[in-house]
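As structure tokens, the structure follows; a few thoughts come after it.
The values are calculated or read from the model by the stated rules, or taken from the named source; none is laboratory data. Being a predicted model, the structure only gives us computed values, none of them experimental. Ideal geometry is used to build each Cβ from the backbone, glycine not excepted, and the neighbour counts take in all protein chains shown. Quick note on the areas: whole protein, heavy atoms, side chains included, nothing else; ligands and nucleic acids left out. Shrake-Rupley method; radii C 1.70, N 1.55, O 1.52, S 1.80 Å.
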Amino acid sequence: MEKGSILYLYPLSLRALLLRLFIVALPLLPSVNTSTYFDGDWVNNLWMIQYQGYTLCDQLASPAVYNTTTIVGIPGPLFYSEKFYAILGVASLFIGPELVLRLCFLSLLFAQLFHIERLFTQVTTVRGLPLCVATLVTWSIYPLTNLYNRSALTEFVAAMLFTIAFASLLLFAWHLHRNQFSLYDFVVAGLFSTLAAAAHSLTALAGGFFFAFTVVGIFFMLPRARYVWFVLVNTLLAILVLSPWIYAVLLFRSRMPITDPVANARNFRYVGWPYDAFTNFLTRTSPFPIEFRALMDGTKIPTPHQDAQILMPLLVLVAFLYVFRSRISWQGLRAHVTSLPVFFPVTSENRFLQVLMYLFLLLFSAFFIICIYPVASVVFGGLFDIMQFSYRMITYVNLSLIAMAFALLAWFHANGGLDERRTQILTYVMVGCLSVSGVSLYEKLVHAEAMIYARYLQGVADPGNEEYLARIDYISNPGQLPRTYYAQYTYLITDHVQPMPENIDSLTAVTAQVALDPSSFDKTLPLQVRLDKPSFVITNIAPFPWNQLLINGNPVNPKELYAAPYDNYATYTAFVYGLQLPAGEYTLAYRFEPNSKWVFLQGVSWLVLLAWAGVYLWVVVRKCRVGHPLFAAPPPRLGRG
């Protein structure tokens, strides 16, 4: 491979490259047809991508609120995935949101495969083992549940970005431990973890805890200036990129329905997964996708086949590696188990790997316990209650398994490598793990197809069905809020306005809906209202402190506004501004008036993100020009411990 080619970073033969493309394309087979969607949230994601793209094209700025013909001023972008939808929205202007999503999934799956394979190539010379681990991660069950059965597309993307960042973090620390410095991993670990947080806010919370615990744990083994700079620089840049979201969350955290601690604790610990711990254990540790609700009721339930299994083939691989560390002797294994947590001989060469193993065994145990027994969240002060569903912890269980496999293989590499007998056994184990993973993937793809079939059984093809209408709405009119959208209530704040007046029954209710400006996307037009007698005017403006209602050009005092129920919606009841007005003629208008600090932080955020992405591209191009592949052979062994 010649220098200057982007393929020099991944020096493979054409056959090997096609194999890797096959590995990452296989999980996406059910989504090949761009007109296919799997759940209502799939449509919602397509609509938000298209909305962001139209707004950026018209105003050269990403919207802070959604203005639709149904409700205006929905503050969703302030709190959820604004940058993810904006980036994909720009590309959707050229090829459409359906194709953009699929290309995004394919690209990130390939990038994830690349970084996992690259990570393990540094610590083993066993042929095929790095690709085996990367394939197991690519074909894992839970991420595909997010993609197809839950249509949690932002969570699916965020998990891949986080996995890429995590692989680079481990590799950066490993290089630094060997007195080497990887600028590429320095940049990727920070940038991709920040992009993951920007793509899915709940990943920013749980993932941030996981990442912080990892970074601090490694710091005790690498108290070096370069590692301190790595942490400080990436933390500062991440805070700057996420600063608008952080500011808005801190400002309104206790005022939104989604942050209600009582409701969150109830949902996470009891409602989100209402099975006992033993049943959860059986479900989580199954090597194949399984869910008891679907076994009992098939596809008649909401979000059927919500399979949530940990990466069991990788756990089996880790277990075999540990047995190999015990010299394949039951007596040796017994001695090691009874003397836990002594995984490695305590030498200067193995001390770093020892801490890694302790650290991720601890994280694996903590997140796995929460997976099967969500009530255990109380031990952490309810820190994870806002995650809504305990099965979201599976992402961090799988990451812990990746790190443990890395630590074990690195130990073997640093201490002379695997002998011929262990290598042969490991080859059989790899074949077995890949076989199980392949069967599991096949079953999971069947469950994905079942989602499509379930939609037809439920009458989605019927023009009167709300999901069918939602799809038609977003295609024909991106200013129309899809009927499947439900977050118009999640981020509303009503404590700055009054509850409904007691004399409401004596007033005439008048609906006055602010219309969209047909000449400028995302803009609204003033509305002329004539009242023949005192009336209670119900608008279509979402209640939020930065949403202003203007009467005859003057902002209305929030104390004069009411939170009026708004039923002009297909599925979910929302709230809008209402107010009492005497008889007369009025001009009603809407204006979004955000805090000046948030406006400043929003500008800084985009500038820092674009500059950071530019540095990443510069590093990649520089690697190509100087002929230093990212995908390199493992460094020399350190010798036996």
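The number of residues in the range 149-160 that are hydroxyl-bearing (Ser, Thr, Tyr) and either on the phi > 0 side of the Ramachandran plot or open to solvent by 10 Å² or more (accessible area, probe 1.4 Å) (or both) comes to 1.
In the range 161-196, how many residues are among the hydroxyl-bearing types (Ser, Thr, Tyr) and at pLDDT below 90? Step through it out loud before you land on a result.
Within the range 161-196, the first condition is being among the hydroxyl-bearing types (Ser, Thr, Tyr), and the residues that meet it are 163, 168, 182, 184, 193-194.
Right, trim to at pLDDT below 90 and you get 182.
Of the residues in the range 161-196, 1 are among the hydroxyl-bearing types (Ser, Thr, Tyr) and at pLDDT below 90.
For residues in the range 148-160 being of a type in the set (Ser, Thr, Tyr) and either closer than 21 Å to residue 192 by Cα or outside any loop (DSSP other than H, G, I, E, B) (or both), which is modelled with the lowest pLDDT? The selected residue is 148. Among the residues of the range 218-229, some residue qualifies, meaning at least one is basic (Lys, Arg), closer than 30 Å to residue 354 by Cβ and not in a helix (DSSP H, G or I). Checking each residue in the range 501-514 for being touching a Pro at 6+ places or on another chain (Cβ under 9 Å) and surrounded by 13 or more Cβ atoms within 10 Å (Cβ to Cβ) picks out 507, 514.
Quick check: anything in the range 78-100 touching a His at 6+ places or on another chain (Cβ under 9 Å), open to solvent by 10 Å² or more (accessible area, probe 1.4 Å) and not hydroxyl-bearing (Ser, Thr, Tyr)?
Quick first cut of the range 78-100, residues touching a His at 6+ places or on another chain (Cβ under 9 Å) only: 80-81, 84.
If we keep only those that are open to solvent by 10 Å² or more (accessible area, probe 1.4 Å) as well, we get 80, 84.
This time we only want the ones that are not hydroxyl-bearing (Ser, Thr, Tyr), so: 84.
There is at least one residue in the range 78-100 that is touching a His at 6+ places or on another chain (Cβ under 9 Å), open to solvent by 10 Å² or more (accessible area, probe 1.4 Å) and not hydroxyl-bearing (Ser, Thr, Tyr).
Residue-level check: of (1) touching a Phe, Trp or Tyr at 6+ places or on another chain (Cβ under 7 Å); (2) at pLDDT 85 or above, residue 388 misses just (2). For the range 481-497, the candidate set comprises residues that are crowded, with 23+ Cβ neighbours inside 10 Å and under 21 Å from the mean Cα position of the chain (by Cα); within that set, the residue that is modelled with the lowest pLDDT is 488.
The residues on offer are 401, 434, 363, 356, and the sole one that is touching a residue at least 24 places away in the same chain (Cβ under 8 Å), under 25 Å from residue 171 (Cα atoms), in a helix (DSSP H, G or I) and open to solvent by 30 Å² or more (accessible area, probe 1.4 Å) is 434. When 12, 28 are screened for being within 30 Å of residue 621 (Cα to Cα) and either in contact with a Leu (Cβ under 7 Å, 6 or more places away or on another chain) or modelled with pLDDT of 85 or more (or both), only 28 passes.
For the range 166-180, what are the residues that are hydrophobic (A, V, I, L, M, F, W, C) and within 24 Å of the chain's Cα centre (by Cα)?
At the first step, the residues of the range 166-180 found to be hydrophobic (A, V, I, L, M, F, W, C) are 166-167, 169-174, 176.
Those that are hydrophobic (A, V, I, L, M, F, W, C) and within 24 Å of the chain's Cα centre (by Cα): 166, 167, 169, 170, 171, 172.
In the range 254-309, the qualifying residues are those that are of a type in the set (A, V, I, L, M) and modelled with pLDDT under 75, and the one that is nearest to residue 543 (Cα to Cα) is 271. Being in contact (Cβ under 8 Å) with a residue 40 or more places away in the chain, more than 17 Å from the chain's Cα centre (by Cα) and either surrounded by fewer than 20 Cβ atoms within 10 Å (Cβ to Cβ) or in a helix (DSSP H, G or I) (or both) holds for only one residue in 145, 163, 135, and it is 135. Candidates in the range 547-600 are the residues that are under 33 Å from the mean Cα position of the chain (by Cα), modelled with pLDDT of 90 or more and of a type in the set (S, T, N, Q); of these, the one that is surrounded by the fewest Cβ atoms within 10 Å (Cβ to Cβ) is 596.
Just need a number here: residues in the range 236-273 that are touching a residue at least 40 places away in the same chain (Cβ under 8 Å) and either assigned to a helix (DSSP H, G or I) or touching a His at 6+ places or on another chain (Cβ under 6 Å) (or both). Show your work before the answer.
Residues of the range 236-273 that are touching a residue at least 40 places away in the same chain (Cβ under 8 Å), as a first pass: 237-238, 240-245, 247-249, 251-252, 255-259, 261, 264-265, 267-270, 272-273.
Right, trim to either assigned to a helix (DSSP H, G or I) or touching a His at 6+ places or on another chain (Cβ under 6 Å) (or both) and you get 237-238, 240-245, 247-249, 251-252, 257-259, 261, 264-265, 267-270.
Selection size over the range 236-273: 23.
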